[in-house]
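Undergrad: Structure provided below as structure tokens; questions to follow.
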Amino acid sequence: MTLNQSDRPVRVRFAPSPTGHLHVGTARTGVFNWLFARQTGGTFILRLEDTDRVRSKDEFVDSIVESMKWLGLDWDEGPIFQSQRLELYQEAADKLLHSGKAYRCFCTAEELETMRNEAMAAGRNPRYDSRCRRLTDEQREKLAAEGRAGVLRIAIPETGVTSYEDLVLGKLQKGNDELDDFVILRSDRTPTYNFVCAVDDAEMKISHVIRGNDHITNTFKQILVYDALGLEPPAFAHLPLILGKDKKKISKRKGAVSVIDFKAEGYLAETMVNFLALLGWSPGDDREFMPGRELISAFSLERVTSANPVFDPDKLAWLNGEYIRAMDDNKLLTLLQPLIMESGLATRLEIESRWHWMLKIVAALKERMRLLTDFLELSGYFFRGELTYDPKGVKKHFHGEDAVENLEALQTAFAAIPENRFNKESSEHALRSLAEERGLKVAKFIHPLRLALSGTTKGPGMFEITEILGRETCLERINRAIAFIKTNPPS
Ligand code: GLU
């Protein structure tokens with residue numbers, strides 16, 4: 001058996017609790033499960049662990065579902081809600097009760113407290129001492145008759161160890177004396193997390209449980225539930241904890257921790273999936289940007305590391321830039337459209353009626369973008385003519401004694417190109433001919449022109465800008481720059 005081929009068909013589940021938005025750490029678990037299912041041709045199930053009725057909220061269910069859809073983590077079964085399956089858990093608990101693998105415990109909160117205090121005072125582990133396990137039927141009946149509600153506890157082996165082979169961490173074990181007969185049904189017959197989780201995983205025929213390593217202690221308890229039910233546990237793979245750059249848990253990191261916040265910040269879903277996949281896994285070579293099916297094909301549980309990965313925001317932004325560059329311009333513009341409208345740069349009508357023109361801006365700027373939102377900062381001068389010239393640029397390129405002269409010459413040269421033939425080739429040709437004619441470096445024209453047209457000294461190819469702006473706008477802006485230079489002499 002290889003790690004990817006359990007003897008059962010691959011069925012994995014992603015089981016977030018709807019007690020908050022989808023956190024990046026939880027989303028990483030979702031990504032690993034999804035990749036594993038897609039790579040093996042298995043089934044990916046979405047299960048919402050909502051048995052905590054106080055903390056679970058419908059709005060978080062919606063938000064988790066929305067985040068999953070955004071990420072493209074499509075599921076094959078579900079969403080399955082644990083709150084709708086209470087009978088299943090109660091039946092399983094009753095089965096354990098009848099087979100003697102579970103027992104009723106009538107201890108009151110005060111009795112448990114005293115028991116714990118006494119154990120601690122005597123230097124013992126303050127675990128439940130299984131006192132109700134040894135009650136006779138008569139004693140049980142008597143306590144029940146007193147009106148004590150009682151909980152249901154699982155009867156775990158009193159000696160020995162519980163062990164399993166973790167697909168990431170190797171063999172792990174825990175002495176049963178470190179565990180206790182934990183509660184599986186509360187006095188109101190609501191089930192507890194570890195019981196529900198094991199019953200569900202068994203009922204859903206989950207082959208591999210892939211989740212964060214904060215669940216390792218739970219795994220031992222869940223294995224004890226499988227044992228008690230006479231069922232074979234699934235394979236377990238525990239993923240390493242994600243750390244921030246400060247080496248602290250990511251949840252303590254400031255800024256965006258919910259997946260959906262990254263969307264608002266201008267990250268692409270593909271980037272997030274790729275980036276999250278690299279938090280605790282690598283393809284074994286130096287590939288990082290793995291678009292489309294490449295990530296799915298490369299993924300394997302064998303290469304999940306036990307070392308804690310670091311969430312590096314710079315790498316995330318770099319990776320996003322890679323995805324932006326690889327994206328088709330039409331698709332990119334479709335994603336940018338709501339941001340452009342929201343920022344007020346252009347209306348829906350302006351965007352849709354000038355789609356081809358907008359595509360040129362997208363093509364010119366995508367090389368320079370890391371976040372979708374970068375487009376808004378980089379593209380302002382294409383939409384607005386009221387430029388503020390970069391002061392450093394002004395000092396360098398607007399204050400030479402020949403700046404006005406060169407801009408005027410450019411103006412004449414551009415004006416001589418028929419409007420319908422004004423494009424990046426013809427404007428470049430005009431500028432280069434001019435430089436040659438005058439025996440000057442092309443830079444003498446390009447730098448002041450860029451500043452005149454965009455207000456900045458950096459940006460995409462100069463002649464892409466001239467073409468996008470068009471002849472009239474170029475001429476207007478050159479005019480405006482000349483006027484500016486004349487009225488703002490060097491100090
Ligand atoms: N509901 C648990 C959580 O959100 C997941 C448990 C599991 O994956 O087994 O942490």
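Undergrad: So, Asn320, is that one in contact with a helix residue (DSSP H, G or I) (Cβ under 8 Å, 6 or more places away or on another chain), at pLDDT 95 or above and surrounded by fewer than 14 Cβ atoms within 10 Å (Cβ to Cβ) or not?
TA: Considered against the rule, which asks whether it is in contact with a helix residue (DSSP H, G or I) (Cβ under 8 Å, 6 or more places away or on another chain), at pLDDT 95 or above and surrounded by fewer than 14 Cβ atoms within 10 Å (Cβ to Cβ), Asn320 comes out as no.
Undergrad: Quick one: is Leu73 over 30 Å from Phe32 (Cα atoms) and either in a helix (DSSP H, G or I) or under 40 Å from the mean Cα position of the chain (by Cα) (or both)?
TA: no
Undergrad: Take the conditions within 11 Å of the ligand (Cβ to nearest atom) and closer than 23 Å to Arg28 by Cα and apply them to Leu169. Does it pass? Spell out how you get there, then give the answer.
TA: Details: within 11 Å of the ligand (Cβ to nearest atom): no; closer than 23 Å to Arg28 by Cα: yes.
The answer is no for Leu169.
Undergrad: If I filter the range 215-223 for residues that are within 16 Å of the ligand (Cβ to nearest atom), of a type in the set (Lys, Arg), in contact (Cβ under 8 Å) with a residue 24 or more places away in the chain and assigned to a helix (DSSP H, G or I), do I get at least one hit?
TA: yes
Undergrad: Let me ask you something else. Select from the range 180-193 the residues that are open to solvent by 10 Å² or more (accessible area, probe 1.4 Å) and not hydroxyl-bearing (Ser, Thr, Tyr) and write down the one among them that is nearest to the ligand (Cβ to nearest atom).
TA: Looking at the filtered set, the residue picked out is Phe182.
Undergrad: Out of the helices (runs of 4 or more DSSP H) lying entirely within the range 335-395, which hold 2 or more residues that are touching a Ser or Thr at 6+ places or on another chain (Cβ under 7 Å) and open to solvent by less than 50 Å² (accessible area, probe 1.4 Å)? Don't jump to the end; show me each part of the working.
TA: On the way: elements: 348-353, 355-365, 374-383.
Of the helices (runs of 4 or more DSSP H) lying wholly inside the range 335-395, those with at least 2 residues that are touching a Ser or Thr at 6+ places or on another chain (Cβ under 7 Å) and open to solvent by less than 50 Å² (accessible area, probe 1.4 Å) span 355-365, 374-383.
Undergrad: Being touching a Lys or Arg at 6+ places or on another chain (Cβ under 6 Å) and open to solvent by less than 80 Å² (accessible area, probe 1.4 Å) narrows it down to one of Gly123, Gly160, Gly150, Gly170, so name that one. Let's see the steps before the verdict.
TA: Working: Gly123 fails: touching a Lys or Arg at 6+ places or on another chain (Cβ under 6 Å); Gly160 fails: touching a Lys or Arg at 6+ places or on another chain (Cβ under 6 Å); Gly170 fails: touching a Lys or Arg at 6+ places or on another chain (Cβ under 6 Å).
On inspection, the qualifying residue turns out to be Gly150.
Quick grid of which residues meet (1) open to solvent by less than 20 Å² (accessible area, probe 1.4 Å); (2) at pLDDT 95 or above; (3) on the phi < 0 side of the Ramachandran plot:
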residue	(1), (2), (3)
Arg13	yes, yes, yes
Pro18	yes, yes, yes
Arg38	no, yes, yes
Gly41	no, yes, no
Met68	yes, yes, yes
Phe81	no, yes, yes
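Undergrad: So, of the residues in the range 224-236 that are part of a helix (DSSP H, G or I) and either crowded, with 22+ Cβ neighbours inside 10 Å or aliphatic (A, V, I, L, M) (or both), which turns out to be nearest to the ligand (Cβ to nearest atom)?
TA: Val225
Undergrad: Residues in the range 253-271: is at least one surrounded by fewer than 18 Cβ atoms within 10 Å (Cβ to Cβ) and over 27 Å from Phe375 (Cβ atoms)?
TA: no
Undergrad: Identify, please: which residue in the range 5-33 is away from the ligand (no atom under 12 Å from the Cβ) and without any contact (Cβ under 8 Å) to a residue 60 or more places away in the chain and is, among those, farthest from Arg211 (Cα to Cα)?
TA: Residue satisfying both the conditions and the ranking: Asp7.
Undergrad: Residue by residue through the range 194-214, note down the ones that are open to solvent by 20 Å² or more (accessible area, probe 1.4 Å) and either more than 9 Å from the ligand (Cβ to nearest atom) or in a loop (DSSP other than H, G, I, E, B) (or both).
TA: Scanning the range 194-214 gives Ala202, Glu203, Lys205, Asn213.
Undergrad: What number goes with the only condition from (1) under 16 Å from Arg477 (Cα atoms); (2) of a type outside the set (A, V, I, L, M); (3) exposed (fewer than 15 other Cβ atoms within 10 Å of the Cβ); (4) in contact (Cβ under 8 Å) with a residue 24 or more places away in the chain that Thr412 does not pass?
TA: Failing condition for Thr412: (4).
The values are calculated or read from the model by the stated rules, or taken from the named source; none is laboratory data. Computed from a predicted model, the values in this text were never measured in an experiment. In this analysis, Cβ positions are derived from the backbone assuming ideal geometry, glycine residues included, and neighbour counts consider all displayed protein chains. Just so you know, the surface numbers come from the protein's heavy atoms only, side chains and all, with ligands and any DNA or RNA stripped out. Shrake-Rupley method; radii C 1.70, N 1.55, O 1.52, S 1.80 Å.
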